[in-house]
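To start, the structure itself, in structure tokens.
The values are calculated or read from the model by the stated rules, or taken from the named source; none is laboratory data. Predicted model, so just to flag it, every value in this text is computed and none were measured. All Cβ positions, glycine included, derive from the backbone under ideal geometry; neighbour counts span all protein chains shown. Keep in mind that these areas ignore ligands, DNA and RNA; they rest on the heavy atoms of the full protein, side chains included. Shrake-Rupley method; radii C 1.70, N 1.55, O 1.52, S 1.80 Å.
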Amino acid sequence: MPAKTLPFTLGQLESIAAKVGTPFHLYDEAALRANARAFNQAFAWVPGGFKNFYAVKALPNPHILAALKQEGFGGDCSSIAELQLCEAVGIRGEDIVFTSNDTPAEEFQKAHALGALINLDDISHIEFLERALGGKLPEFLCFRYNPGPLKAGNAIIGKPEEAKYGFTRDQIFEGYRLLRDKGVKRFALHTMVASNELNPDYFVETAQMLFDLAVEVFQKLGVRIELLNLGGGIGIPYRPGQQAVDLAHVGNAIKAAYERTLVPAGLAPMRITMECGRMVTGPYGYLVSRVLHKKATYKDYVGLDSCMANLMRPALYGSYHHITVPAREGGPRKVYDVTGSLCENNDKFAIDREIAVPAIGDLVVIHDTGAHGHAMGFNYNGKLRSAEVLWQGGTNCRVIRRAETLADHFATLEYPGLVG
Ligand SMILES: *Cc1c(COP(=O)(O)O)cnc(C)c1O
């Protein structure tokens with residue numbers, strides 16, 4: 001099995017750790033930008049223009065959003081906080097898509113105030129939105145399509161017909177008819193049927209499905225959809241030996257479908273968009289910790305100075321995150337449970353994992369934490385979330401979020417004397 005490599009040296013890591021303290025998430029800016037460019041390149045052919053709306057929830061840090069904005073990305077939001085992060089870095093108007101599910105009126109109002117493209121999750125939300133906006137729908141609206149049994153689901157997102165999201169096929173037609181009759185002028189269509197999917201054909205099939213539906217809507221209702229959003233869900237190779245999705249291949253195959261379906265139907269130029277989060281930042285983030293303890297009981301344990309506050313995915317989903325011990329790679333290996341410090345037996349970054357045998361005090365790097373890493377952390381057991389650091393080559397780095405303090409943690413308690 002080929003090992004996963006690190007872009008930085010142990011010396012560089014130790015130098016950053018000396019400045020910031022462990023644990024911290026480290027994000028590789030150059031690699032992240034290069035990946036964003038390759039993504040745009042794969043869809044540079046789209047005659048109506050391509051844009052990835054970065055799913056802000058994956059890594060909600062304005063410094064990251066600002067870098068992605070520079071690379072031409074928009075933002076995909078589903079809360080007021082996420083909308084405000086986009087606003088703060090100057091992602092506005094139709095560079096924001098607001099996709100949510102069980103949405104309060106204030107969120108629709110904020111999204112509308114920013115000029116975001118609102119993506120409705122249900123046919124009943126048309127009226128809800130109309131009321132929330134004082135009786136007038138936006139000029140431009142999007143629907144989220146749930147293909148139900150017409151599309152087999154992937155392992156993580158489950159079967160579309162069991163998912164809480166989106167309109168049925170019949171509701172899509174009814175919904176556009178309603179919008180048209182209410183005077184809405186511009187239309188978009190979205191679907192999101194995968195999560196962490198590594199099969200490139202899946203995305204080509206999804207595009208074909210939306211292309212066919214857009215053509216049918218045009219033919220049956222005369223409603224001309226101008227933007228298709230293929231959703232997110234492009235997976236990343238968490239495990240050594242897994243293959244990243246070949247974006248150029250996906251782009252070319254979607255181009256063929258576009259020419260076969262949209263062009264003859266008179267629906268070109270069509271804007272094609274996506275809202276990937278994981279594949280944009282996931283592989284370029286690393287959780288850097290130190291070994292605090294080793295223990296040998298019924299099993300062998302390596303205890304780190306981080307925990308689920310810093311990375312939930314292994315405990316929450318049983319997800320694999322590769323682990324490197326930079327000082328010991330190439331040396332003897334042994335099987336351990338690699339644990340965090342919570343009073344919760346599932347607080348483990350890896351179970352029965354062979355890693356290079358570490359010494360107490362060694363740095364340990366957990367890979368692929370750039371999406372749903374820091375963002376998902378919680379404060380159970382009063383554990384604090386770490387700093388986030390943007391790595392800019394060599395020992396250059398920038399703290400883009402400081403670590404939480406006990407004062408932060410106690411701030412909502414309003415109890416005298418409890419100030420951290
Ligand atoms: C989470 C989410 C995404 C991003 O998914 P990734 O797997 O990170 O690409 C995109 N769109 C919606 C509506 C989401 O909820």
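So which residues in region 177-193 are open to solvent by 20 Å² or more (accessible area, probe 1.4 Å) and outside any helix (DSSP H, G or I)? Steps first, answer last, please.
Taking region 177-193 as the starting set, the residues that turn out to be open to solvent by 20 Å² or more (accessible area, probe 1.4 Å) are 177-178, 180-183, 185-186, 192.
Those that are open to solvent by 20 Å² or more (accessible area, probe 1.4 Å) and outside any helix (DSSP H, G or I): Lys182, Gly183, Lys185, Arg186, Met192.
When Phe43, Phe73, Phe50 are screened for being open to solvent by 10 Å² or more (accessible area, probe 1.4 Å) and touching a residue at least 60 places away in the same chain (Cβ under 8 Å), only Phe50 passes.
Could we say that Ser341 is under 24 Å from Ala3 (Cα atoms) and either among the small types (Gly, Ala, Ser) or in a strand (DSSP E or B) (or both) here? Judged against the criteria, Ser341 is not a match. Being of a type in the set (Gly, Ala, Ser) and open to solvent by less than 20 Å² (accessible area, probe 1.4 Å) is the filter; apply it to region 222-237 and report the residue that is farthest from the ligand (Cβ to nearest atom). My answer is Gly235.
Scanning region 346-379 for residues that are more than 16 Å from the ligand (Cβ to nearest atom), under 19 Å from Glu82 (Cα atoms) and outside any loop (DSSP other than H, G, I, E, B) gives no hits. Kindly evaluate Ser78 against the criterion of being surrounded by fewer than 23 Cβ atoms within 10 Å (Cβ to Cβ), closer than 28 Å to Lys164 by Cα and under 14 Å from the mean Cα position of the chain (by Cα). Yes. Of the set (1) at positive phi; (2) in contact with a helix residue (DSSP H, G or I) (Cβ under 8 Å, 6 or more places away or on another chain), all apply to Gly21 but (2).
Hey, any hits in region 238-249 for a residue that's within 15 Å of the ligand (Cβ to nearest atom), more than 24 Å from Glu161 (Cβ to Cβ), of a type in the set (A, V, I, L, M) and not in a helix (DSSP H, G or I)? The answer is yes, given that some residue of region 238-249 is within 15 Å of the ligand (Cβ to nearest atom), more than 24 Å from Glu161 (Cβ to Cβ), of a type in the set (A, V, I, L, M) and not in a helix (DSSP H, G or I). Restricting Phe143, Phe98 to residues that are open to solvent by less than 40 Å² (accessible area, probe 1.4 Å) and over 19 Å from the mean Cα position of the chain (by Cα) narrows the list to Phe143.
It is to be established whether one or more residues within region 179-189 are modelled with pLDDT under 95 and within 16 Å of the ligand (Cβ to nearest atom). Scanning region 179-189, I find no residue that is modelled with pLDDT under 95 and within 16 Å of the ligand (Cβ to nearest atom), so the answer is no.
May I ask you to list the residues in region 292-308 that are within 34 Å of the chain's Cα centre (by Cα) and of a type in the set (Lys, Arg)? Listed by number, the list holds a single entry, Lys294.
Out of (1) buried (at least 20 other Cβ atoms within 10 Å of the Cβ); (2) of a type in the set (A, V, I, L, M, F, W, C); (3) in contact with a strand residue (DSSP E or B) (Cβ under 8 Å, 6 or more places away or on another chain), the odd one out for Leu10 is which? Only one criterion in (1) buried (at least 20 other Cβ atoms within 10 Å of the Cβ); (2) of a type in the set (A, V, I, L, M, F, W, C); (3) in contact with a strand residue (DSSP E or B) (Cβ under 8 Å, 6 or more places away or on another chain) is unmet by Leu10, namely (1).
Which residues, counting only those in region 59-112, are part of a loop (DSSP other than H, G, I, E, B) and among the aromatic types (Phe, Trp, Tyr)? I'd like the intermediate steps shown before the answer.
Looking only at region 59-112, we keep the residues that are part of a loop (DSSP other than H, G, I, E, B), and these are 59-61, 71-73, 78-79, 90-92, 100-104.
Passing the criteria: only Phe73.
When the residues of region 194-208 are filtered to those that are farther than 19 Å from Gly148 by Cβ and assigned to a loop (DSSP other than H, G, I, E, B), the one that is most open to solvent (accessible area, probe 1.4 Å) is Asn199.
I'm checking my understanding of the structure. Among residues of region 146-176 that are hydrophobic (A, V, I, L, M, F, W, C) and surrounded by 19 or more Cβ atoms within 10 Å (Cβ to Cβ), which one is modelled with the lowest pLDDT? Break it down into steps so the answer makes sense when it comes.
Filtering region 146-176 for residues hydrophobic (A, V, I, L, M, F, W, C) gives 150, 152, 155-157, 163, 167, 172-173.
With surrounded by 19 or more Cβ atoms within 10 Å (Cβ to Cβ) added as a condition, the list becomes 167, 172.
On the way: Phe167: 94, Ile172: 98.
Out of the qualifying residues, it is Phe167.
I'd like to verify a number: residues in region 353-378 that are open to solvent by 20 Å² or more (accessible area, probe 1.4 Å) and more than 12 Å from the chain's Cα centre (by Cα), how many? Count: 7.
Counting the residues of region 253-301 that are within 16 Å of the ligand (Cβ to nearest atom), small (Gly, Ala, Ser) and either exposed (fewer than 13 other Cβ atoms within 10 Å of the Cβ) or in a strand (DSSP E or B) (or both) gives 1.
The set of residues from region 53-70 being open to solvent by 30 Å² or more (accessible area, probe 1.4 Å), within 15 Å of the ligand (Cβ to nearest atom) and touching a Leu at 6+ places or on another chain (Cβ under 6 Å) comprises just one member, Pro60.
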